[in-house]
Amino acid sequence: MIDDSTAPTGDSAASGRDRAVPEGDPAVLAGDWAVLVGDSPASLATGAELIARWSEPHRRYHTLDHLAAVLAGIAQLAATADDLTAVRLAAWFHDAVYDGRPGLDEERSAQLAQSRLPRCGVPAARVAEVIRLVRLTAAHDTLADGDRDGAVLCDADLAVLGLPGYDDYAGRIRQEYAHVPDDLFRAGRAEVLRRLLAVPRLYRTERARELWEERARSNMTRELASLTPGHDVS
């Protein structure tokens, strides 16, 4: 298992304030996975399967780049987590199944974690925590107060909203919903943005708010204005 004390803190984490979404290099991620769960044949096979899933050709945003970005976000928020290893494992599995079916994708991803992690030697209690966290990403607004692991995972998952390259992110989301007519997509996307902007605190951890809250609100407000020309988005 990974030594949780190796996560970057202080000035190293602060440098992520202006970092764009990292590239998800398969070889680097495979190495990270082996450090996280070990190099047994079952662990390496599971890592290879996960990388293959995240590399599926139909994905445009939920790719290895997104996985790498979430893992990077978790590293920046590591001091807040109670079980950092469980949070990292949940990041690997949270979009491992992605067919563009919200809710069902997360449930199937949780089931995949339930199937694969025990054979990798992950203790049952940690497997249960990973499953819980993966299911939590289906609806971030169900996060309970005091859920430190959930807060770290959800904040890292939403870090892209406050990073450079937001327009590229938004464009990739549109590509993943290319089957949806433009007027319906614009209405649905605008509703999502309004809901996110309406909450008093987008991020649950203090560190994430310091890093990403202001830029995320600016980015989303700008996108919302582009989706609803002539409408007040304040």
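The values are calculated or read from the model by the stated rules, or taken from the named source; none is laboratory data. Just so we're clear, the structure is a prediction, and the values are computed from it rather than from any experiment. So basically every Cβ, Gly included, is an ideal-geometry build from the backbone, and we count neighbours across all protein chains shown. Heads up: the accessible areas ignore ligands, DNA and RNA and are worked out on the full protein's heavy atoms, side chains in. Shrake-Rupley method; radii C 1.70, N 1.55, O 1.52, S 1.80 Å.
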Round to the nearest 10 and give me the degree value, 0 to 90, for the angle of helix 104-116's Cα axis relative to the longest principal axis of the chain. 10 degrees
Post the alpha-carbon centroid distance, region 108-146 to region 165-234, in whole angstrom. 27 Å
Counting only C-alpha contacts under 8 Å and six or more residues apart, can you give the relative contact order of the chain as a whole percent? 22 percent
Only Lys, Arg (+1) and Asp, Glu (-1) charged, at Cβ; region 58-129 dipole about Cα centre in debye: 240 debye
What list of ³J(HN,Hα) values in whole Hz, one per residue of region 185-200 in order, does the Karplus curve 6.51 cos²θ - 1.76 cosθ + 1.60 (θ = phi - 60°) give from phi, with Gly and Pro shown as x? 5, 4, 5, x, 5, 4, 5, 4, 5, 4, 5, 5, 6, 6, 6, x
Just to be sure I understand, if you calculate Cα Rg over 2.2 N^0.38 Å for this structure, which of (1) 1.05; (2) 0.90; (3) 0.99 do you get? (3)
Asserting the computed 222 nm helical MRE of the chain (DSSP H runs at least 4 long, -39500 (n - 2.57) per run, divided by residue count, to nearest 500) equals -17500 deg cm²/dmol
In a Gaussian network model of the chain with springs linking alpha carbons closer than 10 Å, the residue among E213, E223, E191 that fluctuates most is E191
Towards the positive end of the charge dipole of region 88-183, with charges on Cβ (+1 Lys, Arg; -1 Asp, Glu), say which of I131, P164, C120 has the farthest Cα. C120
Regression test value, accessible area per residue of the chain, probe 1.4 Å, units Å², expected 47 Å²
Calculate the dipole size of region 143-234 relative to its Cα centre from +1 charges on Lys and Arg beta carbons and -1 charges on Asp and Glu beta carbons; express the result in debye to the nearest 20. 120 debye
Once the whole set of protein chains is in place, how much accessible area is left on R101, using a 1.4 Å probe, in Å² to the nearest 10? 110 Å²
Quote the charge dipole size of the chain about the Cα centre in Debye, to the nearest 20; the model charges only the Cβ of Lys and Arg (+1) and of Asp and Glu (-1). 340 debye
Trypsin sites (Lys or Arg not before Pro) within region 130-234: which are DSSP loop residues with at most 12 other Cβ atoms inside 10 Å? R201
